[in-house]
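Visitor: Dropping the structure in here first, questions after.
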Amino acid sequence: MIRLITRLITWFVLLFKRFFISQAWEHLLIRVRREYNYDYWKRRLQLLGEDVLFYKYVVIHSPEKVSIKSHSRIGDYVLIWGGGEVEIGEGVLIAAHSVITSEGHDPNADSFRDSSYSGKVTIKDNVWLGAGVYVMPGVTIGENCIVGAGTIVTKDIPANSIAIGNPAKVIKSRE
C-alpha cells in the first residue's frame, strides 16, 4: 500500500512539474536567484563590480575585506577567507570547490590557536582558476594566468603563465 501511495505521489509531482514549471519559469527563477545573490554580496563586500556572477553555495568570510571587480564568475562551493584582504580582478573565472585564503597559522608555533597570520591575496585581471585550486596567503597571481585544477598556489605566479601542481609551478608561458 505504501509503495502504491509513493508511486502516485511521484506521478503527480512529475505531472505538476511538466505542466506548470516550464523552462521559462525555470529561467525566471534562476535570474531572480542570481540578482538576489548579487544584491546580497553587494551590501557585504568591500567592492563588487558589475556583472559578477555567484554560483551556488559560495562562502566568503570577512567579506568587508574582499573586493571583486566586474565580469568575474565565482563557481559552486568556492570558499574565500578574506581576513587578510582578497582582491579579485576583472574577468576572473574561479571554478568550483576552489579555496582562496588570506589567513593561516604558523607551523612552528607552540599553540596554533594563537599563531594566526595573514597576507593579502591578489588575483589580477583575466585569470582562470581551475576546479579545486587553493590559493594561500600573500600570493599574487599575474594577469592572463591559467592555474590548473587541483593546484596549490604558495608563491606568486607571473603574468601570462600557465601553472599546475603542488606546489604550483609555471609550466608554460601564454602568448
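The values are calculated or read from the model by the stated rules, or taken from the named source; none is laboratory data. On a predicted model such as this, the values are computed, not experimentally measured, just so you know. Glycine also receives a Cβ, built like all others from the backbone with ideal geometry; neighbour counts cover every protein chain displayed.
Visitor: Is it fair to say Glu85 is closer than 26 Å to Trp128 by Cα, at pLDDT 95 or above and of a type in the set (Asp, Glu)?
Guide: yes
Visitor: Go over the candidates Gly165, Gly138, Gly150 one by one and state the one that is closer than 19 Å to Ala96 by Cβ and either touching a Leu at 6+ places or on another chain (Cβ under 7 Å) or of a type outside the set (S, T, N, Q) (or both).
Guide: Of the residues listed, the single one that is closer than 19 Å to Ala96 by Cβ and either touching a Leu at 6+ places or on another chain (Cβ under 7 Å) or of a type outside the set (S, T, N, Q) (or both) is Gly150.
Visitor: Output the residues belonging to the stretch 36-58 that are over 16 Å from His71 (Cβ atoms) and part of a helix (DSSP H, G or I).
Guide: Tyr36, Asp39, Tyr40, Arg43, Arg44
Visitor: Would you confirm whether any residue within the stretch 118-127 is among the aliphatic types (A, V, I, L, M) and surrounded by fewer than 19 Cβ atoms within 10 Å (Cβ to Cβ)?
Guide: At the first step, the residues of the stretch 118-127 found to be among the aliphatic types (A, V, I, L, M) are 121, 123, 127.
Next, from what is left, pick out any that are surrounded by fewer than 19 Cβ atoms within 10 Å (Cβ to Cβ): none.
No - not one qualifying residue is present in the stretch 118-127.
Visitor: Scan the stretch 87-119 for residues that are among the hydroxyl-bearing types (Ser, Thr, Tyr) and more than 10 Å from the chain's Cα centre (by Cα) and jot them down.
Guide: Thr101, Ser102, Ser111, Ser115, Ser116, Tyr117, Ser118
Let's see how each residue does on (1) more than 20 Å from Lys56 (Cβ to Cβ); (2) in contact with a strand residue (DSSP E or B) (Cβ under 8 Å, 6 or more places away or on another chain):
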position	(1), (2)
Gly82	no, yes
His97	no, no
Gly132	no, no
Glu143	yes, no
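Visitor: Does Lys172 satisfy the criteria of being basic (Lys, Arg), more than 17 Å from His61 (Cβ to Cβ) and out of contact with any Ser or Thr (no Cβ under 8 Å at 6 or more places or on another chain)?
Guide: Values: basic (Lys, Arg): yes; more than 17 Å from His61 (Cβ to Cβ): yes; out of contact with any Ser or Thr (no Cβ under 8 Å at 6 or more places or on another chain): no.
Considered against the rule, which asks whether it is basic (Lys, Arg), more than 17 Å from His61 (Cβ to Cβ) and out of contact with any Ser or Thr (no Cβ under 8 Å at 6 or more places or on another chain), Lys172 comes out as no.
Visitor: Can you tell me which residue among Ile68, Ile100 is crowded, with 17+ Cβ neighbours inside 10 Å, touching a residue at least 12 places away in the same chain (Cβ under 8 Å), touching a helix residue (DSSP H, G or I) at 6+ places or on another chain (Cβ under 9 Å) and within 19 Å of Asp125 (Cβ to Cβ)?
Guide: Only one candidate qualifies: Ile68.
Visitor: Please go through the stretch 115-138 and give me each residue that is farther than 20 Å from Arg73 by Cβ and assigned to a loop (DSSP other than H, G, I, E, B), ordered by number.
Guide: Residues satisfying the conditions are Ser115, Gly119, Lys120, Met136, Pro137, Gly138.
Visitor: Continuing with this model, one more query. Quickly run through the stretch 92-114 and pick out the residues that are of a type in the set (S, T, N, Q) and outside any loop (DSSP other than H, G, I, E, B).
Guide: Thr101
Visitor: For the stretch 63-77, what are the residues that are under 19 Å from Arg43 (Cβ atoms) and not in a strand (DSSP E or B)?
Guide: Filtering the stretch 63-77 for residues under 19 Å from Arg43 (Cβ atoms) gives 63-70, 72, 74.
Pro63, Glu64, Lys65, Lys69, Ser70, Ser72 - these are the residues of the stretch 63-77 that are under 19 Å from Arg43 (Cβ atoms) and not in a strand (DSSP E or B).
Visitor: Let me ask you something else. Of the residues in the stretch 121-163, how many are polar (S, T, N, Q), over 19 Å from Glu90 (Cα atoms) and out of contact with any Pro (no Cβ under 7 Å at 6 or more places or on another chain)? Steps first, please.
Guide: At the first step, the residues of the stretch 121-163 found to be polar (S, T, N, Q) are 122, 126, 140, 144, 151, 154, 160-161.
Applying the additional criterion that residues be over 19 Å from Glu90 (Cα atoms) yields 151, 154.
Filter once more, keeping what is out of contact with any Pro (no Cβ under 7 Å at 6 or more places or on another chain): 151.
So the answer is 1.
Visitor: Sticking with this one: Being acidic (Asp, Glu), farther than 17 Å from Trp81 by Cα and at pLDDT 95 or above narrows it down to one residue among Asp110, Asp156; which is it?
Guide: Asp156
Visitor: Would you be able to say whether some residue in the stretch 44-58 is closer than 27 Å to Val147 by Cβ, small (Gly, Ala, Ser) and either at pLDDT below 85 or surrounded by 11 or more Cβ atoms within 10 Å (Cβ to Cβ) (or both)?
Guide: So far as the stretch 44-58 goes, yes, one or more of its residues are closer than 27 Å to Val147 by Cβ, small (Gly, Ala, Ser) and either at pLDDT below 85 or surrounded by 11 or more Cβ atoms within 10 Å (Cβ to Cβ) (or both).
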